[in-house]
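Encoded as structure tokens, the structure appears first; notes follow it.
The values are calculated or read from the model by the stated rules, or taken from the named source; none is laboratory data. Note that the structure is a prediction, hence the values are computed from the model and not measured. Don't worry about glycine lacking a Cβ; one is built from the backbone with ideal geometry, like all the others, and counts go over all protein chains shown.
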Amino acid sequence: MSVIISESANPLRGTVRVPGDKSVSHRALMFGALAVGETNISGLLEGDDVLATAAAMRALGAQVTRGEDGTWQVFGCGVGGLAEPGNVLDMGNSGTAVRLLMGVLAGHAFPATLTGDASLRSRPMERIMKPLRDIGATFVSAEGGRLPITMTGAVDPLPTAYEMPMASAQVKSAVLLAGLSVPGETVVIEPVPTRDHTERLLRHFGADVRVEDDPDGRRRVTLVGEPELEGRNVVVPADISSAAFPMVAALLVPGSAVTLTGVGTNPLRAGLMDTLRDMGGDLRLENSRDEDGEPVADVVVRAAKLRGVDVPAGRVPSMIDEFPVLAVCAAHAEGTTRMTGLSELRVKESDRLAAMAQGLSACGVALEETEDTLTIFGDGKAPAGGAEIDSDLDHRIAMAFLVLGMASRDAVRVAQAETIATSFPGFADMMNGLGANMSEAPS
Ligand code: S3P
């Protein structure tokens, strides 16, 4: 078990590119495996989560290789063309990998068994099985609708129009991916728009996907089934959810000025930047451009004095993975930060609401937690720090507390820090290169 200690940082300086976007990386590999011909992916995140997806696509018959220059190549099997795997598919820590894959497999009439690590085996899967049953897939799960799950895809997949009860890009994507094998149209209706990488990238591979907004704010996504997907080149943007850590650190450590290059700025992902600006953060976008249907920019961040804010509940889906690091930011700000509509945080890699409330309290931060809110009472001074936090197999909890330690009075220790490699391999080295002071504790 690795323990990382984060002590007071020097002013952060420099220009870095954080690893590739996790959401886009999973999708690029999966869609490449469902396309006919060659897909070349540059900037793929080589974290444990995405490597699990690469291994699963190989086990299902696609050819997936990494070139010496770091470009990944996929030769796909075509929509509906994957083969029955010879073994259990172990998706490690990744909810996105297992849930999207269940969607893909719902359109393939063979059995497959999926599992994951202790964190993933504790997460709810009924939200995925329910709509996929409507399409014709069958499931046997562990108690409470958890992994391990053995599923059999539909022989004659049926069209569905699924109205999602929660805001979840994973559920939306699973239904759309099953819909690839369905004759006719598959429709997903979202209560509020969630990240749309599936829609954008499916179009890039040649699928017909329509998006319409109802007057009441709901979004209707329609996919025309049985498309002929064609292999494509994909450039994966730097992950805004990983950029969030050096971004917040640069705001908090006095004298910092950092440039984060090639960051994906998709508006359905960029809610953290809006919130940090509301707090008084100095963030500027340069070289805004479009790469394969995804907006990208360089983000220049300078240290700033921050104030507490109310985060609008409607903004939650566009920054769902950034609440741990936002809570750290709020702990340094002057005034109260109120975050509402956070119930989905309880079913992430860990119960992130509980993990943040406990860890921040242990670091001397005044706060209030309810079922779906977190309120942080900042006084504009550096929090005490000085605690040891267990990541509980949650990479973002680990990184958030290491950022807290960069600007707290006493050092913060994070146990089970190896989980950071699921999304941000090389995190501590990159942060140290900018001026952080993170070191591995002797075991
Ligand atoms: C993701 C969707 C989100 C997010 C996760 C990645 C995706 O999950 O938290 O890290 O790539 O579709 P939910 O769909 O459960 O909100």
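Pairing each residue of the range 20-38 that is touching a residue at least 12 places away in the same chain (Cβ under 8 Å) with any residue that is within 8 Å of the ligand (Cβ to nearest atom) and not in a helix (DSSP H, G or I), provided the two are 6+ apart or on different chains, yields C-beta distances under 7 Å for SER23/ARG195. The set of residues in the range 203-236 being within 16 Å of the ligand (Cβ to nearest atom) and touching a Pro at 6+ places or on another chain (Cβ under 8 Å) consists of ARG219 alone. If the condition is being closer than 16 Å to MET319 by Cβ and in contact with a Leu (Cβ under 9 Å, 6 or more places away or on another chain), then the range 273-300 contributes MET273, THR275, LEU276, ARG277, MET279, GLY281, LEU283, VAL299. Criterion first (under 17 Å from VAL365 (Cβ atoms) and touching a residue at least 12 places away in the same chain (Cβ under 8 Å)) does ARG396 satisfy it? Against the criterion (under 17 Å from VAL365 (Cβ atoms) and touching a residue at least 12 places away in the same chain (Cβ under 8 Å)), ARG396 does not qualify.
Looking only at residues in the range 174-199 that are touching a strand residue (DSSP E or B) at 6+ places or on another chain (Cβ under 9 Å) and near the ligand (Cβ under 10 Å from one of its atoms), the one that is farthest from VAL209 (Cα to Cα) is THR194. Taking the criterion of being in contact (Cβ under 8 Å) with a residue 60 or more places away in the chain, surrounded by 21 or more Cβ atoms within 10 Å (Cβ to Cβ) and away from the ligand (no atom under 16 Å from the Cβ), the residues of the range 93-125 that qualify are ALA106, GLY107, HIS108. One residue alone among THR265, THR340, THR336 is among the polar types (S, T, N, Q), in the same structural domain as ILE389 (by TED's automatic domain parsing) and more than 22 Å from the chain's Cα centre (by Cα), and that residue is THR336.
Of all residues in the range 55-78, those being buried (at least 23 other Cβ atoms within 10 Å of the Cβ) and either not in a strand (DSSP E or B) or not assigned by TED's automatic domain parsing to the domain that holds THR150 (or both) number 5. Do you know which residues across the range 315-373 are buried (at least 24 other Cβ atoms within 10 Å of the Cβ), away from the ligand (no atom under 16 Å from the Cβ) and of a type in the set (S, T, N, Q)? THR337, the sole residue that qualifies. Those residues that are closer than 19 Å to ARG269 by Cα and either outside the structural domain of THR275 (by TED's automatic domain parsing) or without any contact (Cβ under 8 Å) to a residue 40 or more places away in the chain (or both), I need them from the range 344-370; list them, please. Once the filter is applied, which keeps residues that are closer than 19 Å to ARG269 by Cα and either outside the structural domain of THR275 (by TED's automatic domain parsing) or without any contact (Cβ under 8 Å) to a residue 40 or more places away in the chain (or both), the range 344-370 yields only LEU345. Set side by side, the residues PRO317, PRO295 differ, and just one is out of contact with any helix residue (DSSP H, G or I) (no Cβ under 9 Å at 6 or more places or on another chain) and not assigned by TED's automatic domain parsing to the domain that holds MET166, which is PRO295.
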